[in-house]
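Peer 1: The structure follows.
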Amino acid sequence: MPLRPGRCYRRFDTPPYTRLEYIKSIPPVTIPKFDLGNPKGDFSHTVKLVTLRSGQVRQNALEASRQIANKYLTAKLGEQNYYLKICVFPHHILRENKMMAMAGADRLQDGMRLSFGAPVGRAARVENGQVLMLVRVNANNVEQAKEALRRASSKIPFPCRIIVESKGTPA
C-alpha cells in the first residue's frame, strides 16, 4: 500500500519549525504567485474560501488549488475581470525520518535513534475560520467565483466554506 504523505501532516501538535537559520537544506516555496488576475481592478464583491477546521495545508495542495481556481477564472472571465489572492504562506518546514523497507534494511538504518528527520517540504498552518483564498469580482461574476473556489476546496485536506461579501458589507 503506498504511503499517503499528506495524511501525516494534517494536524499539528508541535511548535512550528520555522527558524531558517538553523535548517541546512531549506525546501523552496513552490507557489510562484500569490496574487493573480487584476490587482488594481475595482470590484464590488469578495468571495472567500474559509476553513472549517484547524490544520496544516501542504504547499503542493495550495499550489494545486491556486492552479485550478486560476484556470477556471481565466477561461470563464478573462484576466482583467477578477483578482485572486492566496492569503496564507507556507512557513512551517516539514521533516521526515526516512525509513527503508527492504531485506537487510536493519543493517542500513538506525530506526528511532537520532530520528529528528530531514526537511522534505513546507506547509501553512491555518486556524478554524481563517481565509485561505479570496476572489474579488463584480456582481455578475459571483457564481463563477464560487465555482472556482469550490473546485479549489477539493484540493484542500479539510472542509472549507465559501462566503460572499459585497463592498458595503464589513469584512
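Coordinate-derived values only; no laboratory data. What you are looking at is a predicted structure, and each value in this text was computed from that prediction instead of being measured. Reconstructed Cβ throughout: ideal geometry from the backbone, glycine too, with neighbour counts over all protein chains shown.
Peer 1: Taking the Cα atoms only, what angle lies between the long axis of helix 59-76 and the longest principal axis of the chain, rounded to 10 degrees?
Peer 2: Here the helix axis deviates by roughly 20 degrees.
Peer 1: Arrange the following residues from fewest to most other Cβ atoms within 10 Å of their Cβ: ASP13, ASP35.
Peer 2: Lowest count first: ASP13, ASP35.
Peer 1: What is the helix-to-structure angle for 142-153, meaning the angle in degrees between its Cα long axis and the longest Cα principal axis of the chain, kept from 0 to 90 and rounded to the nearest 10?
Peer 2: For helix 142-153, the angle is close to 0 degrees.
Peer 1: So for LYS40, LYS146, fewest C-beta neighbours within 10 Å to most, what's the order?
Peer 2: Listed from fewest to most nearby Cβ atoms, that is LYS40, LYS146.
Peer 1: Now a separate question. Residue farthest toward the positive end of the dipole of the chain, with Cβ of Lys/Arg at +1 and Asp/Glu at -1: which of PRO16, THR74, ILE86?
Peer 2: PRO16
Peer 1: While we're here: Please tell me the relative contact order of the chain in percent, rounded to the nearest whole number, where contacts are Cα pairs under 8 Å and at least six residues apart.
Peer 2: Relative contact order of the chain: 38 percent.
Peer 1: Where does the chain land at 222 nm, in deg cm²/dmol rounded to the nearest 500, when only DSSP H runs of n ≥ 4 count, each adding -39500 (n - 2.57), divided by all residues?
Peer 2: -5500 deg cm²/dmol
Peer 1: Give, rounded to the nearest 20 debye, the magnitude of the charge dipole that the chain has about its Cα centre when Lys and Arg contribute +1 at Cβ and Asp and Glu contribute -1 at Cβ. Before the final figure, lay out the partial values.
Peer 2: Values: 28 positive and 13 negative charges, 47 e Å.
The calculation lands at about 220 debye.
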